[in-house]
1. Just one of A:Asp479, A:Asp508, A:Asp469, A:Asp483 is at pLDDT 95 or above and closer than 20 Å to A:Ile209 by Cβ; which is it?
2. Give region A:179-191 a look and list any residue that's in contact with a Ser or Thr (Cβ under 8 Å, 6 or more places away or on another chain) and farther than 15 Å from A:Gly210 by Cα, or say none.
3. Looking only at residues that are open to solvent by 30 Å² or more (accessible area, probe 1.4 Å) and charged (D, E, K, R) in region A:482-497, which one is nearest to A:His206 (Cα to Cα)?
4. Output the residues belonging to region B:474-484 that are of a type outside the set (A, V, I, L, M) and free of Cβ contacts under 8 Å to residues at least 60 places away in the same chain.
5. Based on this model, can you work out whether B:Tyr293 counts as under 23 Å from the mean Cα position of the chain (by Cα), in a loop (DSSP other than H, G, I, E, B), outside the structural domain of B:Gly105 (by TED's automatic domain parsing) and not charged (D, E, K, R)?
6. Please enumerate the residues belonging to region A:264-290 that are open to solvent by 10 Å² or more (accessible area, probe 1.4 Å) and in a loop (DSSP other than H, G, I, E, B).
7. Could you list, in sequence order, all residues of region A:126-139 that are within 14 Å of chain B (Cβ to nearest Cβ) and charged (D, E, K, R)?
8. Pairs only if they're at least six apart or on different chains, beta carbon under 6 angstrom, first in region A:55-84 and modelled with pLDDT under 95, second surrounded by 14 or more Cβ atoms within 10 Å (Cβ to Cβ) and in a loop (DSSP other than H, G, I, E, B); list them, first residue then second.
Number of protein chains: 2
Amino acid sequence: MAKPKSFDLLLLIAVNVIVAAILTSSPPSVAAAASPSSKWAPRFLGKFSRKTEQIRYETRNFSQRLDHFSFSENPRFSQRYLISTEHWVGPDRLGPIFLYCGNEGDIAWFAANTGFVWEIAPQFGAMVLFPEHRYYGKSIPYGSREEAYRNATTLAYLTAEQALADFAVLITELKRNFSAEDCPVVLFGGSYGGMLASWMRLKYPHIAIGALASSAPILQFEDVVPKEIFYDLVSNDFKRESTSCFNTIKESWDVITAEGEKNDGLLQLTKTFRICGKLKSTEDLMDWLDSAYSYLAMVNYPYPSNFLMPLPGHPIREVCKKIDGSPVGTSTLERIFRGISVYYNYTGDVECFKLDDDPHGMDGWNWQACTEMVMPMSSGRDTSMFPAYDFNLSAYQEQCWKDFGVRPRPRWITTEFGGHDIKADLERFGSNIIFSNGLLDPWSGGGVLQNISESIVALVAPEGAHHIDLRASTNEDPDWLVDLRATEIKLIKGWIGDYYQRKRKVSDI
Amino acid sequence: MAKPKSFDLLLLIAVNVIVAAILTSSPPSVAAAASPSSKWAPRFLGKFSRKTEQIRYETRNFSQRLDHFSFSENPRFSQRYLISTEHWVGPDRLGPIFLYCGNEGDIAWFAANTGFVWEIAPQFGAMVLFPEHRYYGKSIPYGSREEAYRNATTLAYLTAEQALADFAVLITELKRNFSAEDCPVVLFGGSYGGMLASWMRLKYPHIAIGALASSAPILQFEDVVPKEIFYDLVSNDFKRESTSCFNTIKESWDVITAEGEKNDGLLQLTKTFRICGKLKSTEDLMDWLDSAYSYLAMVNYPYPSNFLMPLPGHPIREVCKKIDGSPVGTSTLERIFRGISVYYNYTGDVECFKLDDDPHGMDGWNWQACTEMVMPMSSGRDTSMFPAYDFNLSAYQEQCWKDFGVRPRPRWITTEFGGHDIKADLERFGSNIIFSNGLLDPWSGGGVLQNISESIVALVAPEGAHHIDLRASTNEDPDWLVDLRATEIKLIKGWIGDYYQRKRKVSDI
């Protein structure tokens, strides 16, 4: 079984907010999907625009240098940003500026799915800004996506450091234009956006007074956390619902492999799993299942949600109910199919499933994973329900060379941003960062789960999944979620209050 | 009078440690000098090597990426670094690593002129590292200085951020090779090197536990400090010795201009100032004087020193003695000449003075000043003894375009590193930085002169000049200097002690 491929795929999917991946990557597709990225984006935007009538903003553009850290001649590019001054109390009253660090997808989608920021802006009298991450959405260099994604030379400037500098330059210019130089900026971000928010607070303390970094796996590099942790956490999400469910899934891989080796085995698998066309290899099927389980762990929310496709609340519970609850005599594969259908076909509309067969396209996150964002992941023999797999850096590098003609720099992120001993490094350095994580989220394994200092704090929600705190509130929010958001608001108010106090002290002098 | 030229020249000279400028720039030359940079370097190295027999190190090289912040294809280059493990107690005892942030010149020269680090290393059991700044000394990309300095494309990667990343990558790799990952790193730097040291502590807190930034004008950007401050401080250094000296110099510019406009005026000036060949313009003469006054302010040390040329202790006092003490009836210009000769010809060996006529060569610091290091400087009408001049950004930018084909980014440094409100920004962010400044040093005007927090402190020496604390101790050191260094040692010991305590706490858990 070609594990690297499967793991590359997961890596690319998993770090994303669920649908962000779909906007920009090549995720496992359902029948309705045509080609990846471009076609997905409008579909999902359209979908979400229905749900977010309360969000009003202007869309603007800002001319950015392609390379902030050299003076080589490069064409500039136009960075899109969304802005709302509707509730802003303005520069005279030092109205705060809430800046969401756009991550790997269309910024309009992130805006629509980060209801928390929009909901709290009025009580803070805050301006809201959603700058888009370079090379995503409409913030594409070189005139077109095709040109920008042509090769390693054009993709070269798609890095986290450049994106942070984009934010820094943009906010500095905007503040100047608004005569708002003294207005405090608070950063927000989820997933990779949360990584950016925390890194931005650390690298640009003069630009932002604090950061809420939700589900930000800034420790998922090198050997900072165990390589098995991601898949162990996915597996635990299933095990906590039902040991037999966990066991069925764990056994299913061998069954699939055995089935695939039979005469007409692939045809049989195609039928069992209702694949459109004919299954080319068992690996494709395993990737498809693998992704679904990991997705499910991330969106294991306590209420129905509607990302890639509609899902019930506690979706893993529902999947396991199907796997465990099938009539006696139901085969392992049929159980798996019934379970997975909760994820891929909850509405029951899908006639057949189309498996993606090109996970290594010229995709933004794939590029980032092949350059800076090397997150080594293995699957342990006992604790994981996935096939055992040891991360192999050479194979990974080889694949990146094949896909992009680029060599990953697996140690760069910890060199640039730290991570090996974050508690000791930041205990007496830095301030005002919230790391929030839900323990059901497999990315929490790479998150900061312990307080680092008085003002660099970890908020941990045992029942939380992937950055649920950033989503709009709903009537179904459990108490812990309501409390979590209240704590975040309180902390942010504290940062801003401290800032005002320091400003007053300075102006009193 | 073409002021911009004069000010560009000063800018390029002044930010340097005195001789560092000579190593790499095109300073006003004395008769003995041939062409700039390459010829100067060995001369000064040789000179200093005599004085520094106690310094022993190995010279090594490290392969670096030319661009850390993109994945564009660039040739790697070889960074030179000096290393001494002679006194290092090794990784098992967590021996500290002292890293001097190489600035704009040959690193061997900085090593020879930073005696403080070498002197204190034994009592700390510290390794000593002097990595060279890219594009200087022997750390030249593209195979040769000629290629590296060919044009804006090849010079593009000569930036402070890239230099900091060089240090970060180098130290990370070295620590790994020495199994010294847990050894604390302390940064040192003077002048631009001090700026790098403080910025490195702020941007890479996981790499270094503290920084001693001596005479680091990190606030000399945009409008953070008054544009007149540099020349005001130079002028004050003269005024404090003698008001009449200050006045004579202040009046001399008009006298020179008037003289130059006479028939044979330039010839007369050539004679008065013993210029080799014939003076081409009064501006050249004024630049030459201008530079000397600013240099003198920087090296206004209390004991004889020997940088560019041998100087007496309190050299400005000596200059003013000559200016004031000339017999009654001595003309203004003759007084100026006698005064300036203390600087340019203390030994009396020089027969005639050669004025440099190409201050805008392809020089490293000129490039940096034309890209990131835009330090606006004006000369005030009343407080300055120099001709009045208002910094003109357009003229500055035009000159940079003419010299290098590059557009300066005057707001970039404050965007990347802050500065506008450093007290408020860092009061609750960051730790363990010493900003030391001598108030006689004109660069102290752009320095941090007030404590920012309990551990980001300013040490101010009213009688100090340019980073005298980093120099080797001498028998003539005044008490305040001995005390200043003792305070620095105590603070650094505190950082290291705290670090060991945190490490113990972690390993106890």
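The values are calculated or read from the model by the stated rules, or taken from the named source; none is laboratory data. Worth saying up front: this structure is predicted, and the values here are computed from it rather than measured. Using ideal geometry, Cβ is built from the backbone for each residue, glycine included, and neighbour counts are taken over all protein chains shown. Please note that ligands, DNA and RNA were not included when accessible areas were found on the heavy atoms of the full protein model with its side chains. Shrake-Rupley method; radii C 1.70, N 1.55, O 1.52, S 1.80 Å.
1. Working: A:Asp479 fails: closer than 20 Å to A:Ile209 by Cβ; A:Asp508 fails: at pLDDT 95 or above; A:Asp483 fails: closer than 20 Å to A:Ile209 by Cβ.
Step by step, each of A:Asp479, A:Asp508, A:Asp469, A:Asp483 is checked, and only A:Asp469 is at pLDDT 95 or above and closer than 20 Å to A:Ile209 by Cβ.
2. Residue satisfying the conditions is A:Ser191 alone.
3. So the residue we want is A:Lys493.
4. Here is the first cut: in region B:474-484, the ones of a type outside the set (A, V, I, L, M) are B:474-480, B:483.
B:Asn475, B:Asp479, B:Trp480, B:Asp483 - these are the residues of region B:474-484 that are of a type outside the set (A, V, I, L, M) and free of Cβ contacts under 8 Å to residues at least 60 places away in the same chain.
5. Details: under 23 Å from the mean Cα position of the chain (by Cα): yes; in a loop (DSSP other than H, G, I, E, B): no; outside the structural domain of B:Gly105 (by TED's automatic domain parsing): yes; not charged (D, E, K, R): yes.
Against the criterion (under 23 Å from the mean Cα position of the chain (by Cα), in a loop (DSSP other than H, G, I, E, B), outside the structural domain of B:Gly105 (by TED's automatic domain parsing) and not charged (D, E, K, R)), B:Tyr293 does not qualify.
6. Within region A:264-290, A:Asp264, A:Arg274, A:Cys276, A:Gly277, A:Lys278, A:Lys280, A:Ser281 meet the criteria.
7. A:Arg134
8. Between residues of region A:55-84 that are modelled with pLDDT under 95 and residues that are surrounded by 14 or more Cβ atoms within 10 Å (Cβ to Cβ) and in a loop (DSSP other than H, G, I, E, B), the close pairs are A:Ser72/B:Ala156; A:Asn74/A:Leu66; A:Asn74/A:Asp67.
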